[in-house]
Amino acid sequence: MIGPSRKGHGFLEEGSVQGRKVGKLKKDEFDGYNSDNHPRKNSPVTLDAPHLDPQMAVDNAPYDPSLSPLSKSPWSSHMKEDSSMSNENETLVGSLVREEGHIYSLAATKDLLYTGSDSKNIRVWKNQKEFAGFKSNSGLVKAIVIAGEKILTGHQDGRIRVWKVSGKNEQQHKRVATLPTLRNYIKCSMKPSNYVEVRRHRNVLWIKHYDAISCLGITEDHCFIYSASWDKTFKVWRTSNFKCLESVTAHDDAVNALVVGLYGMVFTGSADGTVKIWRREVQGKGTKHVFSQALLKQECAVTALAINSEGNFLYAGSSDGLVNYWVRETSLEHKGVLRGHKLAVLCLATGGSLVFSGSADMAICVWKRTMNDEHVCVNILSGHNGPVKCLAAERDPEAMCNERRWILYSGSLDKSVKVWKVSENTTGQINHQPQRLSVDQFPRLASLKKMGSKRY
């Protein structure tokens, strides 16, 4: 299962404004911040100007569980009668089939699981039961990140929503900001120099993504938020006031993945086939990200990135089904390629010595890191009937003191979320070299084509 070293779109644009005179902002041209029913309109909310958002009442309305698809598709536990684990120490704990859309994003914190789909709803689960939910009025939720008491969601309309749990009712989530904020947007629009040309005869403010947000990241101290987009850039936001500090044109094609490492390092992966390292420098009240090096250059799109908690192992999944990885000693060194999938790797996650890779071939490979920094595939989790689009792992609170066990959540385009228990104590190795396949050989993967060949 250890390979040698290997060297090496469909989104409809929304919020476009044509014929804008630079430096002037018309009331009905503010990227349509006035209505969610028009593709160019979406209402932000700021902490200091909530009255400017006519949708705030809708977003902050109490959650009505009776409207949930749970009544049709409840959680169904599949725990084995024998409390002992399987031979591979993996078991399927539960599964939820959602009627409202494909699952595109997951985030787990303590005993809560947040799920985002191509519907307008974000669901919250607790102890395998639906606990809460909130409505974004913005369609597809591409990314979810937990930042302390705040929940950040990245959307197809190029905006970031910030949510907070109500102090009076922990099941109610209130939208406290939309990035860029209205105040920041208006202030920035007054200067002609703040407009950048994204294509012929189209100028946009540099603080706003003009294409879908693909992923979100946050620094360990929660001071800075990162957003990556199909518009080829990543942007940096200050958490305290949600101000956009910097926009970096990072790649020649869509940025599909971004992870924040230690020591001010940021890693980006793109449809242009490259993985790049950026170094963050704090300059006064702002930041400046300097390009450091390109770790990978290949023809296939880079579709997913993951870094372990210690920050010394970096993994990059690609559309060819391979996972490249690097190890930090004095510098990041390419160590090899993990070969376990037949189609594109769409998501990656790490947990202790384990690495999880989800693919368009509907399988999840479980890799274990050995003492000599090699990786072996110890299990393949199957059960999804569509591409596995997102993964999240957290420690199992019910594990014994001497057992390192993880709860793995997997979201799929089959509209389901599955929960697995995976132990690091697993032994053995699965030896197989999967044949490279085409998406056309999987009729159920038609939805994958809608995302385009390189944008994920």
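Just so it is clear, none of the values below were taken in a lab; they were calculated from the coordinates. Predicted model only: the values in this text are computed from it and were never measured. FYI the Cβ positions are ideal-geometry reconstructions off the backbone, even for glycines, and counts take in every protein chain you see.
Figures for the structure shown
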{"item": "Distance between modelled label sites at Thr330 and Asn169, nm, 7 Å Cα→Cβ extension", "result": "6.0 nm"}
{"item": "Loop-located trypsin sites (Lys or Arg not before Pro) in the stretch 142-202 whose Cβ has at most 12 other Cβ within 10 Å (DSSP)", "result": "Lys168, Arg200"}
{"item": "Spin-label pair Asp111/Ser382, simplified geometry with 7 Å Cα→Cβ offset, distance in nm", "result": "3.5 nm"}
{"item": "Computed lengthening from Lys187 to Asn241, 0.36 nm per intervening residue step minus Cα-Cα distance", "result": "18.0 nm"}
{"item": "Violating pairs (Cα-Cα greater than 25 angstrom) within the set Lys187/Lys276; Lys135/Lys421; Lys135/Lys232; Lys126/Lys174; Lys135/Lys454", "result": "Lys187/Lys276; Lys135/Lys421; Lys135/Lys232; Lys135/Lys454"}
{"item": "Burial ordering of Thr274, Thr330, Thr115, fewest other beta-carbon atoms within 10 Å first", "result": "Thr330, Thr274, Thr115"}
{"item": "At R0 = 22 Å, FRET efficiency that the Cβ-Cβ distance of Lys288 and Arg202 yields, to 0.05", "result": "0.25"}
{"item": "Whether the stretch 257-300 is rounded, prolate or oblate, judged on the alpha carbon gyration tensor where a/c under 1.5 counts as rounded", "result": "prolate"}
{"item": "Residues Asp373 and Asn402, FRET efficiency given R0 of 35 Å [Cβ-Cβ distance, rounded to 0.05]", "result": "0.90"}
{"item": "Per-pair calculated FRET efficiency, R0 = 22 Å: Ser309 and Arg279 via Cβ, rounded to 0.05", "result": "0.60"}
{"item": "The stretch 214-308: chymotrypsin sites (Phe, Trp or Tyr not before Pro) in DSSP coil with no more than 10 other Cβ atoms inside 10 Å", "result": "Tyr263"}
